[in-house]
Structure formats: C-alpha cells, structure tokens
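Here the structure comes first, spelled out in structure tokens, and everything after it is commentary.
The values are calculated or read from the model by the stated rules, or taken from the named source; none is laboratory data. None of these values were measured; they are calculated from a predicted model. Counting neighbours? That spans all protein chains shown, and the Cβs are built from the backbone with ideal geometry, glycine included. Calculation scope for accessible area: heavy atoms of the full protein, side chains included, ligands and nucleic acids excluded. Shrake-Rupley method; radii C 1.70, N 1.55, O 1.52, S 1.80 Å.
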Amino acid sequence: MASKFGLAGGIPERRVRPIWDAIDSRQFKNALKHSTALLAKYPTSPYALALKAVILERMGKFDEALSVSLNAKELLYKNDSNLMDDLTLSTLQIVFQRLDHLDLATSCYDHACGKFPNNLELMMGLFNCYVREYSFVKQQQTAIKMYKLVGEERFLLWAVCSIQLQVLCGNGGEKLLFLAEGLLKKHVASHSLHEPEALIVYISILEQQAKYGDALEILSKLGSLLMIEVDKLRMQGRLLARQGDFAAAAKIYEKILQLSSDDWECFLHYLSCLLEDESSWCNGATDDPIHTKKFVDCKLSHLTDEVFDSRILDASNFVQKLQADTSNNFLRCPYLGNLEIERRKLLYGKNNDDELMESLMQYFSRFGHLACFTSDVEKFLLVLSPDKKTKFQEKLMGNSSSLSTEPIKALGQSITLLKIQELIGNMYKLPVVVSLKSYVILKLPVLPLELESSAVQMLEMYLKNLPLSKDLDLQESMHGEELLSMASNVLVQLFCRTRNFGYFMEAIMVLEFGLIIRRKFVVGNNACTCGRCGRYVWQYKILLVHLYSHLGALSLAYEWYKALDGKNILMETVSHHILPQMLVSPLWMDLNNLLIDYLKFMDEHFRESADLTFLAYRHRNYSKVIEFVQFKERLQRSNQYLMARVESPILQLKQNADNIEEEESVLESLKSGIHFLELSKEIGSKSLTFNEDWQSRPWWTPTPEKNYLLGPFEGISYCPKENLVEEREANVRRVVERKSLLPRMIYLSIQSASASLKENLKVNGSMSDQNISSELKHLLGQYAKMLGFSLSDAIEVVMGVSKGQKSFETFGADMIDWLDFAVFLNAWNLNSHEVMQPNVDGSGPCTWHIVNSLLKKCILERIGSMESHICSPQSDLPSLVQLVTEPLAWHNLVMQSCVRSSLPSGKKKKKSGCTDQSPLSHTVRDSIQSICGLVEEVAKWLKHHINRSEDENLDIILSSVRRDEGPGRIFQILETSNATINETELGDRISQALKSWSPIGVAMKIIRGQRTVLEKFLGICESKIKSLQALQHQMAQV
C-alpha cells in the first residue's frame, strides 16, 4: 500500500506511513494519535477519516468506526472536487466489510463508477464488491463493461465465470450457458485465446451443454495452450468417451498409460471405454466430493460374448505390456489392472472366481507387505461369494510359512493376513472364551478360546517388532502400529458379545499403551507435539474419544479430541466424533469453546472465501473461482453448521436459566428468538450437506445416532461404511427445526407466566396477553406436528403418560422434546386456561402437576437405572443431564416468572390476585418444593458416586482385568511389558516409553475423568437448588 501513499486526497506519503506502520505493529493508540493529527490538518479528507475508522475498528470500537466511516462516505458523496481514488474506497471497504456492512462499501464504489464511468481501477473495485456479496448477475454486468472498455481477455473470462456461477450456484437457467458460449466464440474468432485457463473454461461451458464435438474441435485448435501433454490427453479422452466414441477414447487412455503407467483412474477409464461401459461418466459418480464411491458398478450386458472376450484379451495384453515396460517395482497400477480385468469378467458372468483368487494371491506375493494392500483389494473381494472369500483367506494362511525373510516385510505381510481376516468378517465370527462357570453365572454360551487369542497375538506381534522402529525418524510411523487399533477393535467386539467390562478396559489400555510409546518416540524425554504422528495414532485417539464417551469419562474423550489438533476444515469433518456427546453433557465450558471455535472458523472462512475468489479472478485461475464458491456454498448448507448455530444460543439459555434477569438479557440479544423462527422456516427449503468423515468412525458407531455397544449384540461383524446421508438428513432437519423454536417458546413462556398474574399488562409495550397466548399456541401446534401429532393429540399423550394410562415408551427417543412440550403447554395454559381450569377444591391448574409428575418419574427412573457408575458404561447419564438442564430448567424459568410477578414492587400494595390465598400461588409453591426436592435427589446420587474412594474404584477396575477367567491376558502382557527392557535392542526412546507406562495410571485417569463429569453436573444441580431455594424464600413473602 505504500506505493499508493500520497494519491489519496493529496495527502503526502510521509504523513500517512507512520499510521500504517503503527497499525501493522498493532500499536493502535499510537496510530490513533497520528490519525488525529492528520485529521487536524486535513479535516475534510475522506481518506484521513477512513484511516481513523480502520484504527477504531481494530481497537474494537465498532460503533465509532461505523460512524466515522459514514462521515467519510458522506464527504465522498458531497464534495465533487474530492478525488474518487481506489485507495480511499478500498480502505473504507476494509472497515465496512469487517463491520458486516458490505452494502455500504458497494454503494461507495457504485457512486464512484457513476462519476467516473471509464475508470478501470474503480470498476475492478466494484467487481470485487459484487464478488464479496456473491452477486453473480452484477459481477457479469460489471465484467462485460470492463471487457467493452479495454477488450482484455481476462474480463471476458470474469463475465463467463459469473455466468457459470449463476447456473451452478444461483437461479440462472441453462440458456445462460449459450450466452457464455456466444461471448467466447466471438472473442476466439477475433482474438483467439491466450491462457490455458481460458481454454479450460470454454470447454467446461461446452461440456455443461453436452456439446462434446464442439469441445473437441476447440481442443484440437487451441490445445497447444495446455503445457502438460497428459492433461490435454485426459481432457480429450473424457470428451470422446462422453461423446460415445469409446474406441477413440480407449486409444487416448492407452497413450496416457504409456506416459504414466501408475495412473489407476486412467486405467479404469481405459477399461470402461474398451468395454463401452458408461458408468464412469455418469454425472452422479462424482457429485459428492466428500463421500466418494469406492468403485462404480459396471454395465456390460450389451456386449456379445465374442466382443467381450476379444476386448478383455486386448486389455490383458496391454496390461502385460505395461508390466514388462515397468522397471519400478513399487508401481501397483499394472498389477491392479489384472485384478480389475478378472473382476469385470466375473461381473459379466464368466464364473472365473478361481482366476480372480489366483490374481489376488499373485498381488499379495508382490505387494502384501504394504499397508495399502487391504484397501487395494477390498472391492475385488466384494464380488466373491462368502465361501470363496473364506477359501481365499485359507489360501493366504496356507502360504503364511513362505513369508518374506526381511523382518519389516514379514511384519507387513502378517498384518495384512489379519486385516484380510477382519475385512472378510471372519475375525469377528471367531468364538469367545467363556467357561462353564461363567455360563452358569452370566448365562452366556460356552465357546472355545479363539477371538481373545487373536487380540493377544496382535499385541505380542507389536511388542516383538518394536526393535524395528528404534532408528526411525520422529515423523515416520512406527512399524506395526495398526496392530493395536485392530486389537482394540477385537476387544470391543469381545465386550459386545460377553458384556464383560474387563474387555472394554483392555481395549482402552491397549490404545493408551500405543500412545505412550508414540508420545515418547522422540529424542530425549520430550513429548511429541508435531501433530504428524501418522494415521494409526490418529486412529488410536479417535477410538479413545468414543470409548471414553461410552464409559462416561467425557472429559478424557474431549482431551483426546483436542489432541487430534483438528484445525481449519478438519473442524468440519472431524467434530462429529465429540460434538453430539458434548451437546448432552455438563461440560458447558468445553462445549462453549468447541462451538465458538467451530463457528469462528466457519464465519472467518466465509469472509475469507470472497478474498480467495477475487484473488483467483486476479490471478486468472478461473477453475478455482468456481471451486471456491461451490465449497463456500457447501459449507453454508452444512448440517453441523446449522446445528451449531442453533445449539450455541441454547447453551447460553441453559447456562443462565437459574437467573431470570440474566436469561432475559440473553433472550434480548437473540431478539426474543424471532431470528430462529425464521431459521426454522428456511430449513425446509434447504438441501443439507454432510461433510463428516464417516470412514474414520469406529465400527460400533457408524453414525452419532447408532451405537451397537448399547446392545443387544446381534452378530455384527465387519461393517462397511455406508453412505448414510439420506437417512440422517430428515432426522437432522427435524431436530434443528424443533430446537430453533426453543428460544422463542422460552421467551413467550416467561411472558405468559408473568401475564397470568397481572391484569391488562402490555408486555414490552407491544404484545398483549392475547397475542402471547395465540403465538405460543401456534408454536405448540408446530412443535406437536414435529413430534408427529396434532396439538390436541399431543396434549392427550402428555396427560395419559403423566396419569400412568400410557407408558413412557410412548415418548420414544423424543422424551426430552415431549417434556419440553409439557413445560411450554403449562406456561400457555396459565394464561389461556384452554387445557383445563383450576380444580373446584382450589388446587390450581393440573398442568403444573403434569409437568412435575413427568419430571419426577423420568429423573428418578434414570437415577435408579445407574447403580455402579465406575464399572459399566452409563447410557442414561446424558439423558439425566438433559432432563435437568432443559425441561426442568425451562420449568424453573416459568416458576421464576410467576414468583417475580407475585411479589410486591416497591411501595405498591400487593394485588388481590397475588395474596397467599391465590390457588396459583399455592400451586407454584408446591411446584418449587417438588422440583427442588427432585434436584436434591440428583445431587445426592452424584455426591454418593463422587465421594466413593479412589482406592475402591481402582479395585473395581483392576478386578475386572485380573480374573481367572475371561479378560486379563492382555492386561497381564501390558502390565509386565516393562519388566525386562533391553535398551540396546529397543533403543533409548522406546525404552523410556516402556518405563513410563503404567496401567494403574490409566485406571486412575478414568476414575478422575468420570469424577470430573459428575462434579460438573453436581455444580449445575447445586446452582439450581440455590435458585429454587431463593424462590421458596421469595414465595414466603407473598
């Protein structure tokens, strides 16, 4: 920017430079001092005012910054003698953008371009404003004006990209593509094209219109613009295939493979063209860049046997030629080609199972030691029948005696054998060891020792091969690391099948052991903080996140989630591992940090996305323009982003629910929940995106809604990760729609309770009692509809359950939502009396009793179901937390509102309706007493578990893994792993890690982790008890 100093309003550079230097060094007070001096000399300079606005915005004085910026804007508009230079306007744009007033920045540039219509710099600034606003039509119009002004190719491409964005991301129709094509055709005829990106854009416009022949013609004329030959050939092959000229396309892909023989995608395209299979070119094959398909189904039925055999023979000969020409032993594509050919033959109906298995065996002999072997062959195994898969596994195991003599290769091959067994599913079909004594006590089937032995084998193999890793670089993965995650998965499977907690504990300890080794795997005794410890260590942490979550030690789970060091876009793809658990936990501070960090990243990305988009325009990287905008659109429709936007304010409401004044302050900042009502209406018209990395989730919880550990065990084996987007979208949409109603319903419930005790009150000077009642009734109707009932039917369900006429199972998985409904129903009935009138004996409205009864039954049932917290997973604790922090908290707010309205204000006398003879006052007093006693019961249960001695808890955990039968073998190996350490063989780093390992330390960590969660929950309960006791004291004054 220094090069432009002195160009703004005639201010000399020497007077402006100190201000920017101070801003860059974050010395804002000093910058403001210089700015004040500059304004004293140039009081009517818009640029001087814009500088001051920048400083004030950086200091956090947003209102002042906006006021000063508006003054600068007015000076620009008023004084025609002022120069409309880009520096002043761009400085103002910075401030307006950071203050979320992009429209003001756009209006400044629009005004400037009106005064100086031929100023290219100002027009580019205006185009930039439209880029930030994602106003594609105005981008196009401005770019066309610039193109007409100077005739530069880049401005034409800016216009064409804007047209593409209208079609891809806006409401533009396909006819716009014809306009873009016409603009490019005319330009090519008169000026040709001079940039590779321009050619790519032109061809993409034609492809979108399915004009493949025209695209090929353009490519033949201007293909020399593409400097890399393979890129040109890929484009040519794709166009030929989509045109239907498969023979020509196959020849092109042959050329590519001769130039780049390890291009697996290219080989698949080659084979598809050879067999005239259009599956690879279907638009749906690449629609979802996040959840890509592992392979595309083949369509070969239209070929005759003779044609198919001839072309398969050609493909086989070509693959053999590639293998012969390849001197690099690490290239896998030519050998995977054999497998793909055999797969296509099998799919065609050639019954060549044995040939495919033989090719798989040959591939194992060459690449079986590589970690990628299992993922390489997965899709080929899927086409084999279960019997053939088992036969293939038996053949592999039969050849295990001929493993490599090199220790590292032999280890890799041994791991592959285990992974194939896991992939096929036979690993989890192995029987469990359970003795006759255990059968009698636990009522489990008697099964021979098999599955546990496989876990022991994996752990022993890992320990045996530790010396192979002693000289590795810090950033390299240790040999055999995947064995521990595999062993942990087997132990979790054992827990599922036996319900023996010891296996669950061993699964945790195996992973903690692996992480101790990895953290100490550095020079000296420093812990590894590089964040690049390999994908298997990443797996350890993710498995621990889910295991600790299931165990109720969510504070430990959150610590391991933070250790993943998920930044930037990883926050979108990885947060699903912890966010659902945190939303129903008492760890409010950690949850708040999680939501703040996530929303901050998303909001910053949306702001920076416009900068990146305009930068791509400036650098003439037009394909990136489309990519950046589409990626931003995808993130904006993210289901997690939508959920976080709703959950963040709900968390604030939970945190402040014990104080009605603070709650009302939060509601005021949320505009009384009106914004979220609008969000609820928008959801129905939006298609949500799911950017989560499902592949990284453990087998027992393929989505946050599913957890096979909760039982009963149903023979679940290897679970291929399915695309669960469609199944989840409807569920997420319902949840967000319901939750987005909560802030407004809480606000109206408070007002309704208050209005029920006051006559002719005008709430906030705008809403009458009748308006409150009618709106709350409308929202209750919406809420009931989301639960699948009409309002009247939902009321009947709530009343039936509270009276014991219907089971709690009627609520199903929506229990919390039903109780929320009951709370808001009671608040509405206070003012409307439509559900039921006070009883004749003066006992008050029965809806109070309904809410109190439902809360009492649900909470006491949850407490009774959790006998021993330390030795078994607690699936009921999250729902108990939700009961106390949501419906009970909202009910407390209604009671606070009633009490506040009942109390005399100042020196005014109490109203006749608020004396202690009031039936409603009696009802509120009884409700406060009931709810306070209920929360005290929860607190008593929590204190009982918190006060249990650590030694007692430790004995319970250790006794689960020190048994004569069942679990214990893994624990024994881990416990004695540091008994005999050969430092010469293992090296100093691994030896130090083994010495620092302590299974008892892991057990103590679990005990303290669980206690942390309970203590946080106890703190919430004690705050509510204090609030309720204060209400009792206040009611005594009524």
Compute from the Cα atoms of the chain the Rg and the Dmax, the latter being the longest Cα-Cα distance, and quote both in angstrom.
-> 34.5, 103
Would you tell me the accessible area of His269, worked out with a 1.4 angstrom probe on the heavy atoms of the protein chains, in Å² to the nearest 10?
-> 30 Å²
Around Ser638, which amide H atoms from residues at least 5 apart in sequence, or from another chain, sit under 5 Å from its own amide H, with H modelled in the peptide plane?
-> Thr689
Using a 1.4 angstrom probe with every protein chain in place, what is the largest-first accessible-area order of Leu679, Leu615?
-> Leu615, Leu679
In the stretch 134-209, the GluC sites (Glu not before Pro) that fall in loop regions by DSSP, at most 15 other Cβ within 10 Å | Glu152, Glu174
Label-point gap, in nm, between Arg963 and Lys78 - each point 7 angstrom along Cα→Cβ | 8.5 nm
In nanometres, the difference between 0.36 nm per residue of separation and the alpha-carbon distance of Glu217 and Ser365 is 48.6 nm
What is the local net charge at Leu259, summed over the other residues whose Cβ is closer than 12 Å to its Cβ (Lys, Arg +1; Asp, Glu -1)?
-> -3
Length gained, Thr976-Lys175, 0.36 nm per residue minus C-alpha separation, equals 281.0 nm
Give the relative contact order (percent, whole number) for the chain; include only Cα pairs under 8 Å separated by 6+ residues.
-> 9 percent
With r as the distance between the Cβ atoms of Asn621 and Glu985 and R0 = 45 Å, compute the FRET efficiency 1/(1 + (r/R0)^6) and round to 0.05.
-> 0.25
Efficiency of FRET from Cβ geometry, Thr810 and Arg242, R₀ 60 Å, rounded to 0.05 = 0.65
Under-5 Å amide H pairs with Arg962, H placed in peptide plane, nonlocal only | none
Along the three principal axes, how long is the stretch 121-161 when you take its alpha carbons, biggest first, rounded to the nearest angstrom?
-> 25, 20, 12
In nm, to one decimal, how far is the modelled label at Met397 from the one at His944, with both set 7 Å along Cα→Cβ?
-> 4.9 nm
In Å, what is the Rg of the alpha-carbon atoms in the stretch 93-215, and how long is Dmax?
-> 15.5, 50
One-quarter of the Cα convex hull surface for the stretch 144-225, in nm²?
-> 5.0 nm²
Give, to the nearest whole percent, the P(r) tail of the stretch 1-117 beyond 18 angstrom, counting all Cα pairs.
-> 45 percent
Could you work out, for the stretch 950-1037, what percent of all Cα-Cα pairs fall into each 10 Å distance bin, beginning at 0 Å and stopping at the bin that holds the largest distance?
-> 14, 25, 22, 16, 10, 8, 4, 1
Computed label-point distance, nm, for sites Glu1015 and Lys115 using a 7 Å Cα→Cβ extension | 6.4 nm
Pairs Lys232/Lys350; Lys29/Lys600; Lys681/Lys1026: which are spaced more than 29 Å apart, C-alpha to C-alpha?
-> Lys232/Lys350; Lys681/Lys1026
Quantify, in whole percent, the carbon and sulfur part of the accessible surface of the chain (1.4 Å probe; protein heavy atoms only).
-> 50 percent
Highest mean packing first, using Cβ neighbours within 10 angstrom, the peptides 941-954, 920-933, 44-57 sort as 44-57, 920-933, 941-954
Pop the C-beta distance of Ser224 and Asp793 into the FRET formula with R0 = 60 Å and round what comes out to the nearest 0.05.
-> 0.25
